[in-house]
Amino acid sequence: MGFYSGRDGELYVAGTKAAKVQSWSFSSSMAVLETTSLGDTDRTLESGVRSYSGSARLFYYVEAPGSGADSNLNTILTSAIKTGSEAGDGENDKSTQVVLKLRMITGSTDVRDIQFSVFITGVSMNSAVGEVASADISWEANGAPFGNTTLVN
Amino acid sequence: MASIGFPIYVPPSSRSYSPGTFPQQTFESQNGAKTVLRYGSKRVNATLTLGFANIEDALAVLILENYEAVNEAWDSVTFGSTSGLQGISDAKRGTDDYGVIRPEATNGLTDHIQEAISGLKWRYSGPPKVTSTFKGRSNVSCSFVACLDSP
């Protein structure tokens, strides 16, 4: 059985496995440099800058409600959202990077990872009657994937 | 004054040429009548702009060195089919769009842009502009003006 499904997917945020992840995705793209010159009949290209971005959806989940424990989204939200000291405070901390590791795992030996240091560029949370509260996050990677990048094998 | 060839095998990605104008001055009277004083019968100030997109930095260096070599001694620049004029078709038309036979053009577009028959000499009208686009790659823009040297 060489297929993988959502059952095999995991998301690690700053080294900790995130709970209640509904989905994750990432995409890679590369800008090309056009080197077509006069007299050519076909477009010629040179490789350019690569970039990586992605998104994930997590249910908003607290292991022990009422205990004051952090939610499963704490690291993501606090890296993206910095609170001010008072209303109208426009000078606050910058958003920080967080390491996301996207994993496919079957059994205990087949572990396939890709890891990025990312900026959370979008958070969209919702609460609606008849639905479980969840958050959609989107991110853009700072630099190339690093570490144990076995997902590409 | 000698002529120095533009670096070969640096193919441009864009080229713009204007044949220039004839030296003259126009006076327009109040009733709209025009009087034209002609100072010469040869074109002057033809312009040529060459753009090089995403070329290797080593090729950009060749262009910069050419700019220095040409201007150190007030030489002129020449262009060939592998240096600045790449991609030009030298086909000559013997008939017009309606099939009417007319005298065949004696010169191709290369001859015109080279200014070999006009006696104009190409010189840099300004320094080349080099814009780095990526590691090891640059955009270069060169502009030239063709001058009629006094005898």
A:Val152 neighbourhood, Cβ < 14 Å, K/R = +1, D/E = -1, net charge +3
Sparse-neighbourhood loop hits (trypsin sites (Lys or Arg not before Pro), the stretch A:68-127; DSSP loop; Cβ within 10 Å at most 15 others) -> A:Lys82, A:Lys94
Nearest 10, in degrees from 0 to 90: the angle of helix B:57-72 to the longest Cα principal axis of chain B is 50
Quick calc: nm separation of the 7 Å Cα→Cβ label points for B:Phe27 and A:Lys94 -> 6.8
Quick calc, the stretch A:1-50, dipole around Cα centre from Cβ unit charges on Lys, Arg (+) and Asp, Glu (-), nearest 20 debye, gives 480
Per residue of A:33-46, other chain Cβ atoms within 10 Å number on average 5
When the charge dipole of the stretch A:1-105 is computed with +1 on Lys and Arg Cβ and -1 on Asp and Glu Cβ about the Cα centre, the Cα farthest towards its positive end, among A:Ala87, A:Leu100, A:Tyr52, belongs to A:Leu100
Fewest-first ordering of A:Ser53, A:Ser23 by Cβ atoms within 10 Å yields A:Ser23, A:Ser53
For B:Lys121, counting only lysines whose alpha-carbon sits under 17 Å away and dropping same-chain residues fewer than eight positions off, the answer is B:Lys42
If every Lys and Arg gets +1 and every Asp and Glu gets -1 at its Cβ, then about the Cα centre chain B yields a dipole, in debye to the nearest 20, of 360
Partner shielding of A:57-66, taken as the mean number of other chain Cβ atoms within 10 Å, equals 0
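Throughout, read-outs are computed from the coordinates displayed, never taken from laboratory work. Fair warning: this is a prediction, and the values are worked out from it, not measured in the lab. Using ideal geometry, Cβ is built from the backbone for each residue, glycine included, and neighbour counts are taken over all protein chains shown.
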